[in-house]
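Remarks on the structure that follows.
The values are calculated or read from the model by the stated rules, or taken from the named source; none is laboratory data. In this text the structure is predicted, and so the values were computed from the model without any measurement. We place every Cβ from the backbone using ideal geometry, glycine too, and count neighbours over all the protein chains shown. Areas reflect the complete protein model, heavy atoms only, side chains present, ligands, DNA and RNA absent. Shrake-Rupley method; radii C 1.70, N 1.55, O 1.52, S 1.80 Å.
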Amino acid sequence: MGKLAINTAQNVNLDYKLIGLGERMVAFLIDGIILITYITIMENLVNLSEIFDADGWTKRGFLGLFTLPAFFYSVLCHIIFGGQTVGKMIMKIKVVRFDGTPTQWYNFMVRWMLRIIDIWLFFSSIGILSILLSDKKQRVGDAAAGTVVISVKKKHRITSTILEDINDDYVPVFSNVTQLTDKDVRIIKEAFTISKKNNDFKTLTLLKNKICDTLGIETKLYDVKFIDTILKDYNYYAQNM
């Protein structure tokens, strides 16, 4: 089952906040420390071990082989850990597609290849400026890959709870709501609450359409009634399973 992400017309994710320069730089420094530590260990291993006690060129060859994973560290971590490096995990940030679709390996490859422009060219000035000037806080690699960096810190607001008041005799309407996860329903409820409060009818319609597409539902219920029913149905099945 796919994860559900809802964006407003301004492409601001209702569940997560976009991450700017500060936290990304800290995550980058953490990853840098990890890489330096790894390379230092490999250098000492090659220099001190009798197994590699050979001429200088042979040692350099082994050292290059052992440090090769460091070169691909960023792209491999993003692919394996679903949009995070160790630094991003510690900072609780993550790379995702800004349109809410699942991030693919080629999105991470594009971001990684364009690091040469964002990070290594002109002392990172291009990447820094693009993050500061972009509405979505994207560096050049993000813009090319269609990704953004978001916070995945847990929220403790009332709107983040998935609990709904339902009567003992409540009869569910949509049985396939069980395809959703608690996280999906939490996002739906928060988007629903914010949109109703702000009379954001366009986002309510977008939210309804996204739910219908995800679950394969066709309904004549109007937006508010439909979403409210989805939330109640999910709670019914969650409490009775």
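For the reader, a short list of remarks on this structure follows.
- Selection of first residues in segment 16-38 that are of a type outside the set (Gly, Ala, Ser) and of second residues that are assigned to a loop (DSSP other than H, G, I, E, B) and open to solvent by less than 70 Å² (accessible area, probe 1.4 Å), restricted to Cβ pairs under 6 Å at least 6 apart or on distinct chains, gives the following pairs, ordered by first then second residue: 31/85.
Yes/no matrix, rows are residues, columns are (1) among the β-branched types (Val, Ile, Thr); (2) farther than 29 Å from residue 151 by Cβ; (3) part of a loop (DSSP other than H, G, I, E, B); (4) out of contact with any helix residue (DSSP H, G or I) (no Cβ under 9 Å at 6 or more places or on another chain):
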| residue | (1), (2), (3), (4) |
| --- | --- |
| 173 | yes, yes, yes, no |
| 176 | no, yes, no, no |
| 189 | no, no, no, no |
| 208 | no, no, no, no |
| 213 | no, no, no, yes |
| 224 | yes, no, no, no |
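- Extreme residue, most open to solvent (accessible area, probe 1.4 Å), among residues of segment 70-110 that are closer than 16 Å to residue 34 by Cα and polar (S, T, N, Q): 84
- Qualifying residues in segment 111-140 (those that are open to solvent by less than 40 Å² (accessible area, probe 1.4 Å) and under 30 Å from residue 194 (Cβ atoms)) - the one modelled with the lowest pLDDT: 134
- Identity of the residue in segment 141-170, at pLDDT below 85 and part of a helix (DSSP H, G or I), that ends up nearest to the chain's Cα centre (by Cα): 160
- In the set (1) in contact with a Gly (Cβ under 9 Å, 6 or more places away or on another chain); (2) open to solvent by less than 20 Å² (accessible area, probe 1.4 Å), residue 210 fails one condition alone, (2).
- Test: residue in segment 172-184 that is aliphatic (A, V, I, L, M), farther than 26 Å from residue 101 by Cβ and exposed (fewer than 12 other Cβ atoms within 10 Å of the Cβ): no
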